[in-house]
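Trainee: One structure is given below, represented as structure tokens, and several questions about it will come after.
The values are calculated or read from the model by the stated rules, or taken from the named source; none is laboratory data. Everything numeric here is computed off the predicted structure, so don't read it as measured data. Reconstructed Cβ throughout: ideal geometry from the backbone, glycine too, with neighbour counts over all protein chains shown. Heads up: the accessible areas ignore ligands, DNA and RNA and are worked out on the full protein's heavy atoms, side chains in. Shrake-Rupley method; radii C 1.70, N 1.55, O 1.52, S 1.80 Å.
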Amino acid sequence: MATQPHTTVAIALLGALLALAASPALASYRMPPAKSYMHRPPPAKKMSESKVEHVVLLSIDGLHSGDLTWWLANRPMSALAKLAMSGVVYPQAFVKGITDSFPGVLALLTGGSSKSHGVYYDDSYSRDLWCPGTPCNGSKPTGPPGCELVLDESLDYNLSDPNGGRTGINGDSINPANLPLDKDCKPVYPHQLLTANTIFEVAKSAGLRTAWTDKHPAYDLVQGPSGMGVDQLYTPEINTDYMGLDYTHVAEQIPKYDALHAEAISSWALGFDYQGNPQSGWGVPAIFGGNFQTVSVVAKLYSPVAYEADGMTPAASMLTALEEVDGFVGRIAAYVDVAGRTPNTAFIVTAKHGNAPRKASDLQLLPDTLVPNALKAAGVMPAQVTQDTVSLIWLEDASQIAAAVKALEANATALGIAEVIYGPALLLISAFATLSWCSSPHMDVRSLYGTTAITFIAAKQEFAGDPATSPTAPHIVTRVIPGVVYVGNPAKHSKAGDHGGLNDDDNHVALLVSKSGQKPMTVTDRVETRQVAPTVLKLLGLDHTKLTACMTEGCDPLPGLSY
């Protein structure tokens, strides 16, 4: 496409600015400088009308498949509906395995689950690392290895700074003193935990640019094992207390945080840095995007409720959240259009995870001490128990797995447990990978392995590594009774939902892929969000078989698209 005349560009820009003015988050939204547009260079080359040169990947965290279905049906003039007019909607899209934000985003970026990339949660455990602050004897840490891995805002230099204490770019706000240590007493950054490469690294190896924005400096994780996958990684701290901010507990504040992400992505769409400043030799990244938190935060608030009694219809607070995020998506699409790159840009809109439960009447808040105490009462010592809408259990002594399972199964209902997964059940599933798309995927392995009270679902359980060989793999994972959420003090009514678990409200998420010339359709086949990774690369004409996790677990791009 040739460069548009200045008049056309000005009209398009005016439309984008008018769209911005309609947003409730306007007061907090800092636009890229006007000079950026005045000095926008023309595209370096004439762009093909068919070849995708850029992919915008957006995670609207907490957006269920049902939320997107409702939105498209009831808001036909919305930004998401406009994308769907030249896109494919996948109403049967699921996150594979554990639905914490870390494995959720890594599914999109690696094409695999925790069993391949080695990351299970932002609060997990490693059997071969030492805790931050462990004394070193020369170049060796003292004492035995084994450490809880807390990879959240606790890594920052300064929570009172909105960027975590430094610029918030490329992990510079991570304080090395807060990191775990390896066998040589060196700090281990989040990206070093990955055992699989990312779409960013594949793109970089092809000489392409990349950019991403997320909610903590700890999202250094997305850089991949090389530590260099993302050219510009912008991570303003969502849990900052700067000037009394409380993004994660006040529905009216969280759109102001998401506006920072929208600004960065919009600036990248114009070929500038995250603040809208020109960058010599940079251009528009081939892969760029990030996440929005408004929907997820609102869904987790105890009051007001996010959904009507049916658990499907957005209540007023969720409706406002959806409107905010739709506005951000529309803004980014407008800037892509201003840059004259709509014909060559694909959008992928999905979610790292859902939130459970959607129906308020299903909510059952349980103390997060129940499971650890049940284990200790049976003489089993957990090294780490991570809980939200799931329990991940690492034991100090792997020989106690049978005793741990017996204790959990004996008190399953009181503990909020619907299913215990351990040992052969964690590993056997990979042998049945070919069954993951069968129409009746339930299988009982008791007769094969003599385990008790375990039935698992192949389509959702091929996700765990072997704790005998993987230092981060848990010994036991539980599926909770739908509606169960573990919290510190249930009497405080601190939340109405969360994520991390294996039930539908956790893992049945939105997925929409849009690009110029695509015939609009709905593909009802069951798909997984990890298929986004090979889809991004295939859209760009890159070799998706270079994704190591994807090749381990199956590497099919999403169906229905005209590649």
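Trainee: Scan region 521-541 for residues that are in contact with a strand residue (DSSP E or B) (Cβ under 8 Å, 6 or more places away or on another chain), hydrophobic (A, V, I, L, M, F, W, C) and either in a helix (DSSP H, G or I) or over 15 Å from Ala351 (Cα atoms) (or both) and jot them down.
Mentor: Met521, Val523, Val532, Val536, Leu539, Leu540
Trainee: Taking only region 366-377 into account, find how many residues are part of a strand (DSSP E or B) and within 13 Å of Thr413 (Cα to Cα).
Mentor: The qualifying residues number 1.
Trainee: Moving on. Taking only region 156-181 into account, find how many residues are outside any loop (DSSP other than H, G, I, E, B), open to solvent by less than 40 Å² (accessible area, probe 1.4 Å) and within 19 Å of Pro145 (Cβ to Cβ).
Mentor: Of the residues in region 156-181, 1 are outside any loop (DSSP other than H, G, I, E, B), open to solvent by less than 40 Å² (accessible area, probe 1.4 Å) and within 19 Å of Pro145 (Cβ to Cβ).
Trainee: Do you know which residues across region 500-521 are open to solvent by 10 Å² or more (accessible area, probe 1.4 Å) and not polar (S, T, N, Q)?
Mentor: Passing the criteria: Asp504, Asp505, His508, Lys515, Gly517, Lys519, Pro520, Met521.
Trainee: May I ask you to list the residues in region 79-110 that are within 19 Å of His261 (Cβ to Cβ) and more than 11 Å from the chain's Cα centre (by Cα)?
Mentor: Ala79, Leu80, Leu83, listed by residue number.
Trainee: Follow-up question, since we're still on this one. What do you reckon, is Leu106 among the aliphatic types (A, V, I, L, M), modelled with pLDDT of 95 or more, under 25 Å from Lys183 (Cβ atoms) and open to solvent by 10 Å² or more (accessible area, probe 1.4 Å)?
Mentor: Against the criterion (among the aliphatic types (A, V, I, L, M), modelled with pLDDT of 95 or more, under 25 Å from Lys183 (Cβ atoms) and open to solvent by 10 Å² or more (accessible area, probe 1.4 Å)), Leu106 does not qualify.
Trainee: Can you name every residue in region 56-97 that is of a type in the set (Ser, Thr, Tyr), crowded, with 24+ Cβ neighbours inside 10 Å and either touching a Cys at 6+ places or on another chain (Cβ under 7 Å) or closer than 22 Å to Val297 by Cα (or both)?
Mentor: Ser59
Trainee: What residue, among those in region 393-416 that are assigned to a helix (DSSP H, G or I) and β-branched (Val, Ile, Thr), is most open to solvent (accessible area, probe 1.4 Å)?
Mentor: Residues of region 393-416 that are assigned to a helix (DSSP H, G or I), as a first pass: 398-410, 412-415.
Of the ones still in play, those that are also β-branched (Val, Ile, Thr) are 401, 405, 413.
On the way: Ile401: 34, Val405: 4, Thr413: 109 Å².
Only one residue tops the list, namely Thr413.
Trainee: Based on what the data block shows, is Ser317 over 30 Å from Ala402 (Cα atoms), surrounded by fewer than 24 Cβ atoms within 10 Å (Cβ to Cβ) and polar (S, T, N, Q)?
Mentor: For Ser317, the condition - over 30 Å from Ala402 (Cα atoms), surrounded by fewer than 24 Cβ atoms within 10 Å (Cβ to Cβ) and polar (S, T, N, Q) - is met.
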